[in-house]
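A short worksheet on the structure shown next.
The values are calculated or read from the model by the stated rules, or taken from the named source; none is laboratory data. Keep in mind the model is a prediction, meaning the values are calculated, not measured. Cβ placement follows ideal geometry from the backbone for every residue including glycine, while neighbour counts extend to all protein chains displayed. When the accessible area is computed, the model is the full protein with side chains, heavy atoms only, and any ligands, DNA or RNA have been set aside. Shrake-Rupley method; radii C 1.70, N 1.55, O 1.52, S 1.80 Å.
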Amino acid sequence: MVGSLPGQPAILLPSAFDALRLLVRPSVNERIAVFLDFDGTLTPIVARPEDALLAPDVRGIVERLAQLADVAIVSGRELDDLIGRIGLEGVTYVGSHGLEMQGRSGTRATSGNALAHVDDVEAATRLLEERVAAFPGVRIEVKRLSVATHFRLAPQ
């Protein structure tokens with residue numbers, strides 16, 4: 001990984017894989033858990049969420065990691081969107097900021113009574129859309145269990 005601050009030279013960051021071997025204890029029948037975010041961690045932050053793509057080499061790294069640890073990919077994205085963008089078996093997917101999940105076996109669950117509030121989310125979405133309509137470049141991302149406001153395309 002390479003990281004840098006604006007106006008400063010790029011630096012080589014340490015790889016988490018180098019430290020992973022220190023956490024895995026082969027003499028004990030235990031696995032560690034690794035939780036990864038999708039946007040901004042597995043993929044770069046992009047101006048439009050629908051443009052986020054998982055690079056093949058990153059997919060391969062997550063796949064290898066899942067052989068060493070229990071991997072959960074957590075996101076504010078809806079579960080089906082998240083799964084469709086990654087498409088790996090053997091990992092846990094957590095969508096909608098934890099409101100929906102699919103385990104490694106493919107079993108799905110929705111948290112508590114989240115589905116009882118779909119109408120509330122739709123009402124909040126309509127109100128939000130009305131309030132931000134006057135701001136160019138601000139986009140509302142409609143989801144079933146939540147709503148997001150994106151402003152990366154808005155002028156300063």
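A few notes on this one:
- Long-range amide H partners of Val34 with built H, under 5 Å: Asp70, Val71, Ala72
- Within the range 60-124, percent of DSSP bridges classed antiparallel, to nearest 5: 65
- When only Cα pairs below 8 angstrom with a gap of at least 6 residues are kept, the range 25-156 shows a relative contact order of 17 percent.
- For Glu100, the residues whose modelled amide H falls within less than 5 Å of its own, excluding neighbours fewer than 5 places apart on the same chain, are Gly95, Ser111.
- Fully extended contour minus Cα-Cα distance, from Asp80 to Phe135, at 0.36 nm per residue: 16.8 nm
- The label point for Glu89 and the one for Leu115, both projected 7 Å from the Cα toward the Cβ, are 2.6 nm apart.
- Taking the 1.4 Å solvent-accessible surface of the range 67-151 as the whole, the part contributed by carbon and sulfur is 54%.
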